[in-house]
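What follows is calculated from the coordinates using simple rules that are stated; it is not laboratory data. These figures come from a predicted structure and were not determined experimentally. With ideal geometry, Cβ positions are generated from the backbone for all residues, glycine too; neighbour counts draw on all protein chains shown.
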């Protein structure tokens, strides 16, 4: 809203309140001699009675309650009109129709003539002007002060009511908008709650997955270590060079010897022995490093898996080693027997 709008509204309010103030100053519209006019071509009583009879006063009500003003200047309008309304309401007013005496300065007749003829034409005054030689200074207007006051107060109340109604409507709109915003806020809070729950669930899932990944990683590391050790044992078994004069250090190769010699048949062992115990006993027989229980169990199962591809592959790589070893062992044993026979024959021992 611009400053010019407020200036224009104040101008309208000044014209509008002039009617009420003038009514009070003229003793409820009955004494007009001491009241000066605002218009060069009209007296105060001419403006007053013409304004309340030709719709000027009502048009001021419409202009003051124009939409652009209502939404911005309720306080200014109330401050101007409420005191005037109270003064009009508490004043004593005569009731009934009166012949209200009004006067003009006959020397200014030419100045007022147009307005006088308008008032006469509207029936506000009686036209008693006949010619220039018959100019009167006194006229009479039929008016009821109580009705005039009611008309003035009705206009003031209409302005105030419209501004109040506009303010209430604005408040209702704001309240309605506030409710809409509260509803939107509740909906957004509900969505945020759902999102928060989703994020918490996602965080929990991520934490579980991270823990699972950590466990899987650790398990894979352990399995890689076991597999590496297993591969190392297999390489040692594959690449072992057997010396008949020394113990067989390779655990799997030792197990293979036992397998070939029939010692891995569990039917020849006590039922209560475990694979680990069998491995320790067999290790003692051929010497070499101790055999772990799980390694012994794995090897025993391997050499008892008749027809498996893995066993066939192992035998293809190591069977010649075993046979050559046994041959060398038997050759040594045969040599020892021959030496022993010579000793016995010649009674060397």
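Residues 255, 200, ranked from the fewest to the most other C-beta atoms within 10 Å, line up as 200, 255. The order of 141, 226, going from fewest to most other C-beta atoms within 10 Å of their C-beta, is 226, 141. Using 0.36 nm per residue and subtracting the Cα-Cα separation, the extra length available between residue 40 and residue 308 on full extension is 83.3 nm.
Put a dot 7 Å past the Cα of residue 75, heading toward its Cβ, do the same for residue 218, and the two dots end up 7.2 nm apart.
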